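Since the structure comes first, as structure tokens, the remarks are kept for the end.
The values are calculated or read from the model by the stated rules, or taken from the named source; none is laboratory data. Because the structure is a prediction, the values reported are computed rather than measured. No Cβ is skipped: glycine too gets one built from the backbone with ideal geometry, and neighbour counts run over all protein chains shown. Quick note on the areas: whole protein, heavy atoms, side chains included, nothing else; ligands and nucleic acids left out. Shrake-Rupley method; radii C 1.70, N 1.55, O 1.52, S 1.80 Å.
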Amino acid sequence: MIRAVVTIVLATLAEASRRRILLATLLLGVAFVILFSVGITFAQAEMVREGDSPLQRPLVLGMLTLAGLYAVNFLTVITAAFLPVDTLSGEIASGVMQTVASKPIHRGTIVFGKWLAHVIVLVGYVLLIGGGVILAARLITGILPPNVHLGLTFLVLEGLTVLTVSIAAGTRVSTIANGIICVGLYGIAFLGGWFEQIGTFAGLGSASTIGTVASLIFPSEAMWQLAAYSMQPAIARDLQLTPLSPVSVPSPLMVVWTVGYVIAMLAFAFRSFARRSL
Amino acid sequence: MFGFLGPNGAGKTTSLKMLLGLIAPTAGQAEVLGRPLGDRSARAKIGFLPEHFRFHDWMTGHEMLRFHGRLFGLSGPPLEWRIRELLKRVDLVDAAGRRLAGYSKGMLQRVGLAQAMLARPELVFLDEPTSGLDPLGRLLVRDVIREMRADGTAVFLNSHLLGEVEATCDRVVFVKAGRVLTERRLDARDESVAIELRVGGTPPALLQALGAHGTVHADGDGRVRVDVADAAVAPELARAVVGAGVDLRAMTVRRPTLEEVFLDVMGQDSRPG
């Protein structure tokens with residue numbers, strides 16, 4: 001069982017490497033971090049030149065860092081959706097799966113192996129771009145966002161939600177439909193997130209409720225809000241200055257919900273793939 | 001060697017997929033190698049080459065065999081030896097380091113066959129293994145199938161290339177619309193034979209007399225084929241012709257070709273168009 005999982009994981013990683021998926025991810029991730037570094041370097045230099053107050057400087061630079069992390073959040077979601085989007089549906093459609101699934105292995109092994117391989121790539125990607133932005137900010141401006149470990153964990157959990165849905169849907173629907181489902185769910189969560197923020201800010205209970213429901217349907221955006229909340233400077237949090245500073249912070253229960261969501265999606269993927277005709 | 005014959009859409013591939021656990025039957029039960037359908041310990045002793053075989057085309061031939069070997073639970077030097085042995089057998093030693101994306105159809109079929117043989121299976125399912133191959137490729141596949149049989153491997157051959165089946169199988173079943181119509185041994189000596197007569201005329205009395213010995217197919221051109229259970233009735237047929245006052249010009253005894261049997265079993269109505 002374990003050996004079969006390792007075989008599937010290694011084959012999936014080898015495929016990602018052979019098809020230059022890893023290279024593309026790495027190169028664009030590095031380009032992203034470089035662009036962020038250049039941007040924040042110039043911003044800081046200009047602020048020093050203009051003689052902005054030392055009180056204002058960390059606030060703006062902190063916000064720029066959070067903006068970088070916001071882009072990280074977006075890239076994480078999209079990458080998590082597309083990395084495994086055809087890993088099952090593609091092999092089912094092409095017929096590759098027939099010889100694989102007729103081997104003396106449990107079908108769940110195939111799903112779990114592919115899931116695990118993509119989780120490895122995703123975690124590496126979040127650490128590369130998320131960690132890269134944080135490290136660049138620390139090295140260039142000396143500012144380190146608080147609770148970095150917690151923030152990155154939430155980002156990984158956000159990606160994990162999308163990735164697991166992508167794997168689960170791949171057991172049932174075609175590659176393109178799968179992509180549409182993942183991005184569509186993200187859209188729902190995204191809109192729900194903003195409804196919740198603006199609703200809470202304006203004291204509109206209904207909007208806030210809609211946001212909560214959207215987060216229950218697809219908790220990715222809630223994980224970003226937790227990441228943003230935990231990594232922003234205390235002053236920005238208190239002032240609620242930017243759209244990146246959540247007004248309404250998801251409760252810790254949402255973390256439990258999200259972990260349960262991932263486990264349930266994975267269980268669904270096992271069951272669905274075990275039962276389908278190949 | 002077991003041949004599974006039937007027209008397109010008869011349910012051959014579906015049956016095979018059920019036996020491999022790839023699809024679940026809607027009703028009924030079956031056993032493969034003494035185990036229920038889809039049983040993993042049975043699948044460890046089964047090799048399979050699907051009809052529209054596709055493999056990870058980013059892998060090299062060698063990597064593909066290693067991947068599938070590991071899924072069979074093989075590893076280390078024994079797996080590598082087995083791969084080398086099979087690559088030699090299917091004549092792909094030189095191409096083993098090339099990616100499958102660059103393989104021809106014949107090469108893919110051969111590496112697929114090697115994949116099916118990795119775990120020295122007791123039973124191999126081959127779904128149309130020679131379709132789309134050139135004569136040389138066909139010959140190689142046929143040789144490999146014969147060797148499998150010599151090694152004691154049972155081969156389940158799905159095919160509608162009747163010549164192919166006739167050349168390799170011991171036993172065939174005919175299926176149509178999801179049902180087995182009949183089963184036949186191709187190696188049995190007492191199997192029915194076709195006696196072909198060329199006669200001076202085919203008056204009804206003659207056809208009736210011949211009909212007493214077997215099934216008569218007359219084309220009105222002086223050619224009559226009588227399918228009989230035993231070649232020993234041949235002299236009696238000759239006597240019947242002469243007795244009816246008809247000239248007997250030629251008489252040959254031969255086994256009916258599988259194609260004749262196939263058309264008989266399926267019925268003429270199953271001809272397309």
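Among the residues of the range B:101-120, those that are in a helix (DSSP H, G or I) and within 16 Å of B:Lys45 (Cα to Cα) comprise B:Leu113, B:Ala114, B:Gln115, B:Ala116, B:Met117. Taken over the range B:181-212, the residue count meeting the criterion of being assigned to a loop (DSSP other than H, G, I, E, B) and either in contact with a Gly (Cβ under 6 Å, 6 or more places away or on another chain) or more than 30 Å from B:Phe4 (Cα to Cα) (or both) is 5.
Considered as a group, the residues in the range B:34-55 that are over 22 Å from the mean Cα position of the chain (by Cα) and in contact (Cβ under 8 Å) with a residue 12 or more places away in the chain include one that is least open to solvent (accessible area, probe 1.4 Å), and that residue is B:Phe55.
Each row is one residue, and each column tells you yes or no for (1) of a type in the set (A, V, I, L, M); (2) farther than 14 Å from A:Ser37 by Cβ; (3) in contact with a helix residue (DSSP H, G or I) (Cβ under 8 Å, 6 or more places away or on another chain); (4) surrounded by 18 or more Cβ atoms within 10 Å (Cβ to Cβ).
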{"position": "A:Gly131", "(1), (2), (3), (4)": "no, no, yes, no"}
{"position": "A:Ile134", "(1), (2), (3), (4)": "yes, no, yes, yes"}
{"position": "A:Ala137", "(1), (2), (3), (4)": "yes, no, yes, yes"}
{"position": "A:Pro145", "(1), (2), (3), (4)": "no, yes, yes, yes"}
{"position": "A:Val162", "(1), (2), (3), (4)": "yes, yes, yes, yes"}
{"position": "A:Val165", "(1), (2), (3), (4)": "yes, yes, yes, yes"}
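In the range A:86-103, the residues that are more than 10 Å from chain B (Cβ to nearest Cβ) reach residues that are of a type in the set (Val, Ile, Thr) with C-beta atoms within less than 7 angstrom, at least six apart or across chains, in these pairs: A:Asp86/A:Thr175; A:Thr87/A:Thr12; A:Leu88/A:Ile167; A:Leu88/A:Thr171; A:Ser89/A:Val173; A:Ser89/A:Thr175; A:Gly90/A:Thr175.
Only residues that are outside any helix (DSSP H, G or I) and exposed (fewer than 15 other Cβ atoms within 10 Å of the Cβ): list them for the range A:205-218, please.
The answer is none; no residue qualifies.
Of the helices (runs of 4 or more DSSP H) entirely within the range A:220-278, those holding at least 3 residues that are at pLDDT 80 or above and among the aliphatic types (A, V, I, L, M) occupy A:220-231, A:252-275.
Within the range B:238-272, the only residue that satisfies the criterion of being of a type in the set (Ser, Thr, Tyr), open to solvent by 50 Å² or more (accessible area, probe 1.4 Å) and either modelled with pLDDT under 85 or not in a strand (DSSP E or B) (or both) is B:Thr257. The set of residues in the range B:167-180 being of a type outside the set (Ser, Thr, Tyr) and in a helix (DSSP H, G or I) consists of B:Ala167 alone.
Test A:Arg107 against the stated conditions and say whether it is basic (Lys, Arg) and surrounded by fewer than 16 Cβ atoms within 10 Å (Cβ to Cβ). Step through it out loud before you land on a result.
Details: basic (Lys, Arg): yes; surrounded by fewer than 16 Cβ atoms within 10 Å (Cβ to Cβ): no.
Here the answer is no, as A:Arg107 does not meet what is asked.
Within the range A:12-21, being free of Cβ contacts under 8 Å to residues at least 24 places away in the same chain and in a helix (DSSP H, G or I) holds for A:Ala14, A:Glu15, A:Ser17, A:Arg18. All of (1) open to solvent by less than 60 Å² (accessible area, probe 1.4 Å); (2) at pLDDT below 90; (3) within 14 Å of chain B (Cβ to nearest Cβ) hold for A:Thr7 with one exception: (2).
All of B:Leu113, B:Leu133 fail the test of being within 27 Å of the chain's Cα centre (by Cα), within 28 Å of B:His160 (Cα to Cα) and open to solvent by 10 Å² or more (accessible area, probe 1.4 Å), apart from B:Leu133. Report, by residue number, each residue of the range B:42-69 that is within 7 Å of another protein chain (Cβ to nearest Cβ) and over 20 Å from B:Asp127 (Cα atoms). Passing the criteria: B:Trp58, B:Phe67.
Of the residues in the range A:113-120, at least one is touching a residue at least 60 places away in the same chain (Cβ under 8 Å), under 15 Å from A:Thr161 (Cα atoms), open to solvent by 20 Å² or more (accessible area, probe 1.4 Å) and β-branched (Val, Ile, Thr). All of A:Leu83, A:Leu23 fail the test of being away from chain B (no Cβ under 14 Å) and out of contact with any Gly (no Cβ under 7 Å at 6 or more places or on another chain), apart from A:Leu83. The residue list B:Glu31, B:Glu85 contains one member that is more than 10 Å from chain A (Cβ to nearest Cβ), under 29 Å from B:Val173 (Cβ atoms), open to solvent by 50 Å² or more (accessible area, probe 1.4 Å) and without any contact (Cβ under 8 Å) to a residue 60 or more places away in the chain, which is B:Glu31. The number of residues in the range B:142-166 that are among the hydrophobic types (A, V, I, L, M, F, W, C), surrounded by 15 or more Cβ atoms within 10 Å (Cβ to Cβ), at pLDDT 85 or above and assigned to a helix (DSSP H, G or I) comes to 3. Set side by side, the residues B:Phe72, B:Phe125 differ, and just one is open to solvent by less than 40 Å² (accessible area, probe 1.4 Å), at the interface with chain A (Cβ under 10 Å from one of its Cβ atoms) and within 27 Å of B:Ala10 (Cα to Cα), which is B:Phe125.
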